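Computed from the coordinates by the stated procedures, all read-outs in this text should not be read as laboratory data. Quantities reported herein were computed from a predicted structural model and do not represent experimental measurements. Methodologically, a virtual Cβ is constructed for each residue, glycine included, from the backbone with ideal geometry; neighbour enumeration extends over all protein chains shown.
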Amino acid sequence: MRFRPLRSAPPSGEPLPVPDPPETMRAAAFDAPGGADALHEASIGVPKPVMSELLVRVVAAGVNPIDAKTRGGAGVSGEIPAYPSVPGFDVSGIVVKAPYESHPFPPGTEVFGMLSYPRTGGAYAEYAVIPTLSVARKPTSLSHVEAAGVPLAALTAWGLVVETAHAHEGQRILIHAASGGVGHFAVQLAAYFGAHVTATGSTRNASWLRELGAASVIDYTTTRFEDAVSEVDVVIDLVGNTHADTGTRSLTALRPGGLYIIVPTGSFPGYAEAAAAAGVRATSYKVIPDGGALATVGRLLDSGAVQVYIDRVFDLADAAEAHAELEKGHTRGKIVLRVSDD
Ligand SMILES: NC(=O)c1ccc[n+]([C@@H]2O[C@H](COP(=O)([O-])OP(=O)(O)OC[C@H]3O[C@@H](n4cnc5c(N)ncnc54)[C@H](OP(=O)(O)O)[C@@H]3O)[C@@H](O)[C@H]2O)c1
């Protein structure tokens, strides 16, 4: 397989005409930490890009557990500089302002990416600023709603499966919460690179997880996974000890020297000591908003090797409802907010 460069050259010809942004915009925001109903519609100033950032008109915004955790006073809420705060890291939309004329993503370019301004999100809004290094061209085969479901979850899956587990032919990987946003990408990527994937999920998701590439599925509602699988090389744990000691029990499913990866921050205090006592390696993980990796994921999506599954779509005005749905903990794939027309 021949790889093309990670970033496309600027398209020839004149950039598409893009109207200047207004001074204010619609957003979903919260004024203080609280429940899902703390989210309300707000009119706030359009953010201003600095240095190498892009200003993007958001067509759709992905919803991730970190958004809800932060809104609830956990997650990255400690970094919120001022209220009202606009959640959200995932966007798909159209570039409105680029830093310079021959920038690789000129105005009019359809992009998707993961923003980090002002470190606590800002995607649930009509406009967002996003670092150049954190975007890629939107896959042409995906709608903006589909593309918005990709960045944070797929980049996490990429970081776990490719960069941390080094997935390869014959490797045995156990993935918990395989039917969620991160999990459904992790299953597909691990299978794509030849690993033998065992996925945990509930009854209703079992056949779907096999379609995604899982060689076997363990129904966590009826079976203790450590009774059904052993001697795996890697566990990708998207649950931790927040449910039925999933983290502690995972250590017993690994071969000696195998690798345990704990993903939800703070969900398994003492995992390093417990792993050492069990004779396995362990690491935590944090997503990196890497536009180059996202461009590669975009190609896998366009080729059909990887798919994004969108469970529910809500209007921006219904962001509170979207958070309430996410917090039930049973999303299949992704929840996305539709922010504006294409
Ligand atoms: N550190 C980082 O950089 C990073 C990045 C991304 C995500 N995360 C964290 O990783 C976790 C997963 O994120 P996500 O976006 O994938 O969440 P998600 O989409 O909300 O996950 C929902 C899925 O979890 C499954 N599930 C729930 N409990 C389970 C259990 N005990 N065993 C197996 N499956 C279970 C559900 O399946 P059923 O409906 O069948 O129960 C559902 O499909 C979250 O805590 C998130 O905050 C961390």
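Listed values, structure above:
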| read-out | value |
| --- | --- |
| Anisotropy class of segment 153-284 from Cα gyration tensor, a/c 1.5 cut | rounded |
| Gain on full stretching of the segment that runs from Ala317 to Ala82 - 0.36 nm per residue minus C-alpha separation | 82.5 nm |
| Inter-part distance where segment 188-216 and segment 283-342 are each reduced to a Cα centre, Å | 19 Å |
| Total charge dipole magnitude, the chain, about the Cα centre, Cβ charges on Lys, Arg, Asp, Glu only, Debye to nearest 20 | 700 debye |
| Restricting segment 73-158 to chymotrypsin sites (Phe, Trp or Tyr not before Pro) in coil, as DSSP defines it, with at most 12 other Cβ within 10 Å | Tyr100 |
| Among Arg57, Arg312, Arg172, residue whose mean-square fluctuation peaks in a GNM of the chain (springs only between Cα atoms under 10 Å) | Arg312 |
| DSSP beta bridge pairing in the chain, given as percent antiparallel to the nearest 5 | 55 percent |
| Formal net charge of residues neighbouring His196 (Cβ-Cβ distance under 10 Å; K, R +1; D, E -1) | -1 |
| Candidates Ile173, Ile44, Ile130: whichever shows maximal mean-square fluctuation once the chain is modelled as a Gaussian network with Cα springs under 10 Å | Ile44 |
| Crossing angle, helix 291-303 versus the chain [Cα axis fit, 0-90 degrees, rounded to tens] | 80 degrees |
| Hits among aspartates and glutamates - C-alpha to C-alpha of Lys328 under 17 Å, sequence gap 8 or more where chains match | Asp37, Asp67, Asp311, Asp318 |
| Segment 63-193: C-alpha gyration tensor shape, a/c 1.5 cut-off, then a/b vs b/c | oblate |
| From the C-alpha gyration tensor of the chain, square roots of 5λ in Å | 34, 23, 17 |
| Relative contact order for the chain, counting Cα pairs under 8 Å that sit 6 or more residues apart, in percent | 19 percent |
| Gain in span if fully extended, Tyr192 to Asp219, counting 0.36 nm per residue against the direct Cα distance | 7.5 nm |
| Listed residue (Phe225, Leu316, Ala191) projecting farthest to the positive dipole end of the chain, Cβ model | Ala191 |
| Length released on extending from Glu231 to Arg119, taking residue separation times 0.36 nm less the Cα-Cα span | 36.4 nm |
| Expected 222 nm ellipticity per residue - DSSP helices of 4 or more, -39500 (n - 2.57), all of the chain, to 500 | -6000 deg cm²/dmol |
| Ile44-Ala32 pseudo-label distance in nm [points 7 Å out on the Cα-to-Cβ vector] | 1.8 nm |
